[in-house]
Amino acid sequence: MAADLECPKCDGTTWITVESPQGPVATRCECFQRDERESPYATLGLPPRFRTATFDNFSAGSAKEDRATYNTLIAALRIAQNFATEFPVCAQKGLLFHGGSPAKMTHLAAAALKALSDRGLSCFFCDYQELLQALRSRHDTEADASAHAAEISARIAQVDVLLLDSLGSHRRTEWVADTVGGIIRSRYNHEKGLIATTSWPLEGTRSALARERSGFQEMGVAPSDPETLAERIGSDSVWRLIEHCAPVSLRVPSRGRPRRQSAQAPPSLPKS
């Protein structure tokens with residue numbers, strides 16, 4: 001919800017200047033906090049940059065300037081719109097945005113989450129790395145830490161649709177793989193909605209699985225430079241994701257380079 005345009009303190013900018021010992025400092029106007037509390041999306045956990053994201057203000061660029069990019073983004077937009085309208089009466093219970101601009105992916109994911117919330121579904125946005133940090137946050141006592149983790153786990157387990165943003169952004173460890181694997185497995189087994197975004201390519205899942213089955217993981221050796229989502233969160237989790245969610249690629253197809261013509265062979269010399 002936008003700030004009140006008639007606010008006499010900030011003139012609708014949501015920012016005011018106050019004096020401090022160090023000089024003038026910009027701070028949020030009280031109208032911003034009021035609008036945040038009154039927003040129907042206040043409980044979704046959306047980050048400030050994407051609180052106003054909708055399908056209507058998603059930019060796919062210009063078809064005249066770059067038709068390939070435009071067509072790719074419009075196709076992704078249509079898939080997200082259809083999912084937000086049809087869930088849960090659809091074959092797959094989620095969306096997996098991959099490739100392309102992270103901002104474009106998160107915009108579409110947030111817009112879909114808000115559209116689903118408008119339909120009365122319980123929804124929640126989780127930044128992947130922040131979620132892991134919250135689950136591992138330290139408290140004064142072990143009991144407090146366990147209660148805090150249990151509270152977060154219960155919330156993400158109960159919502160109708162969970163959005164995991166920047167999936168795979170945290171370095172993989174055994175604990176990370178177990179934690180994210182548990183979240184995805186729960187969504188999969190209970191057929192609950194899951195929207196995810198990732199900058200890591202989906203390609204290479206089969207090769208990553210083959211490495212794990214060959215004992216690569218059992219030796220305690222990890223790839224020096226993981227390049228696929230399977231290597232970041234585990235192949236089993238990716239298999240469930242792909243089966244549970246409709247992959248939505250924002251990667252623009254490569255035009256490729258024109259094939260270079262080989263030089264004409266010199267004429268053969270006459271035989272003597």
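The listed peptides 82-92, 238-248, ordered by packing as a protection proxy, come out as 238-248, 82-92 (highest mean of other Cβ atoms within 10 Å first).
Stretched out straight at 0.36 nm per residue, the stretch from D160 to W175 would grow longer than its current Cα-Cα span by 2.9 nm.
Ranked by the mean number of other Cβ atoms within 10 Å of their residues, highest first, the peptides 110-118, 61-69, 176-184, 42-50 come out as 110-118, 176-184, 42-50, 61-69.
The residues neighbouring V161, those whose beta-carbon lies less than 15 Å from its own, together hold a net charge of +1 under the Lys/Arg +1, Asp/Glu -1 convention.
Taken together, the values in this text are just the output of simple stated rules run on the coordinates, not laboratory data. Keep in mind that what you see is a predicted model, and the values were worked out from it rather than measured. Neighbour counts run over all protein chains shown; Cβ positions are idealised from the backbone, glycine included.
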